[in-house]
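All remarks here apply to the structure that follows.
The values are calculated or read from the model by the stated rules, or taken from the named source; none is laboratory data. Predicted model only: the values in this text are computed from it and were never measured. In this analysis, Cβ positions are derived from the backbone assuming ideal geometry, glycine residues included, and neighbour counts consider all displayed protein chains.
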Amino acid sequence: MTGDIEGIGAAVTAGLAARAVEPGHGQAAAHEGLRCLNCGTSLQGSHCHHCGQRADVHRSFGAIGHDLVHAIFHFEGKIWNTLPLLTWRPGDLTRRYIHGERARFVSPLALFLFAVFLTYAVLAMVGSGGGLGEGIAKAADAQTRSNALEASFDEEVARVDARLAAKDVTAEEKKKLIEERETLEKGAAYLGVEPAMTDAERAKGPPVLEDPKQQVMSSADFLSRLKVDTGVPAIDKGLTKAFANPALIFYKLQANAYKFAWALIPLSLPFMWLLYPFSRRFHTYDHFVFVTYSISFMLLLFVVVRLLNLTVVGDVATFLAMLYVPFHMYRQLRGAYRSSRFGSLVRASLLLFFSLWAVITFMLLLLALGTMG
């Protein structure tokens, strides 16, 4: 079932990418007297008016590269019209696109997909940075190995205990079994395999530590030793598998985040409606353009900051980016919806809060998909 859901996610992402490719605005060329190589229609410009194919067809490796870039992201002038406005005047970009200026700008969906692909590629090459992502991955991997060892020891101890409880066990065999059990306990202690939690330990919860990576490891260890009993067999099975193999769940989270990144858009739309409830001036399409451009900018900003983190100005870039994010939301709200300064400030504050909830919901969705596998 999870494979089907992940396949749907990948298919939707691919479908969005295909639909995001749009005809460009370019120079008109005189091709009178020529015919389209695809359908044979007489040409009247740089593109066939019947099937849409370009009049100029090149057969070179350079053409392959151009087609690849064009298919993923239309670079023929639109990017240089879009990015400056997206960075400093996002409200103007959003309003102008909504009101019909489409040919000069990259569509929000195409920009969003490019930002997702770029983010995924950069993170695959340089990692998430800060040490926390790597720390979580290492902690999950270590906990998976620990859980596997614990399961193996528990199985051996259960076998020995079952034999000890047998009625036909001899005194000599019983002595050997007791020695074997003591050896297993010593081996478990040497390898750091934790015994089952008591009720008091379970009620106390995991310790609170200052180091985030140590906290992740401590919390993962605590969760892995919990007895899962929600009353719903499907949920219990998924959580048990997740606690037993957190490394696999972490890997699924990373893979599903790329496949289902588009889900951030519909998750954010209800919150945008709450900022302008019952307004007849703004429609769902307007909110869609706003949200998609906003998320695209945040992803691109994250990529830039992550790359700058590889240099000596990384900490400064991170600090400035954290300050600029709410300011960018304010400018986009004020420019796109023509709100007052005070109204935009209040709505930008709410939008920050709503964005946090949208991201949390998105992460819970990914976690649910991971545990269903």
Only one of these is touching a Phe, Trp or Tyr at 6+ places or on another chain (Cβ under 6 Å) and either farther than 30 Å from SER294 by Cα or modelled with pLDDT under 80 (or both): PHE61, PHE73. Name it.
PHE73
Give me the pairs: first residue in segment 110-126 and in the same structural domain as ILE265 (by TED's automatic domain parsing), second residue among the polar types (S, T, N, Q), beta-carbon distance under 7 Å, and six or more apart or on different chains, which are they?
LEU111/THR82; LEU111/SER296; PHE112/THR292; PHE112/SER296; ALA115/SER296
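Residue-by-condition table, conditions (1) under 21 Å from the mean Cα position of the chain (by Cα); (2) surrounded by 13 or more Cβ atoms within 10 Å (Cβ to Cβ); (3) assigned by TED's automatic domain parsing to the domain that holds THR119; (4) not polar (S, T, N, Q):
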| residue | (1), (2), (3), (4) |
| --- | --- |
| LEU275 | no, yes, yes, yes |
| THR292 | yes, yes, yes, no |
| PHE297 | yes, yes, yes, yes |
| HIS328 | no, yes, yes, yes |
| GLY335 | no, yes, yes, yes |
Checking the structure you have, find out if any residue of segment 94-102 is among the aliphatic types (A, V, I, L, M) and either closer than 19 Å to LEU299 by Cβ or at pLDDT below 85 (or both).
no
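Provide a single number: the residues in segment 297-317 that are assigned to a helix (DSSP H, G or I) and β-branched (Val, Ile, Thr). I'd like the intermediate steps shown before the answer.
Taking segment 297-317 as the starting set, the residues that turn out to be assigned to a helix (DSSP H, G or I) are 297-308, 314-317.
If we keep only those that are β-branched (Val, Ile, Thr) too, we end up with 303-305, 316.
Qualifying residue count for the region: 4.
Can you tell me which residue within segment 171-188, out of those that are over 14 Å from ASP154 (Cβ atoms) and either within 46 Å of the chain's Cα centre (by Cα) or not in a helix (DSSP H, G or I) (or both), is modelled with the highest pLDDT?
Only one residue tops the list, namely THR183.
Yes or no, residue by residue, for (1) modelled with pLDDT of 70 or more; (2) of a type in the set (Gly, Ala, Ser); (3) under 15 Å from the mean Cα position of the chain (by Cα):
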residue	(1), (2), (3)
LEU113	yes, no, yes
VAL116	yes, no, yes
GLY135	no, yes, no
VAL157	yes, no, no
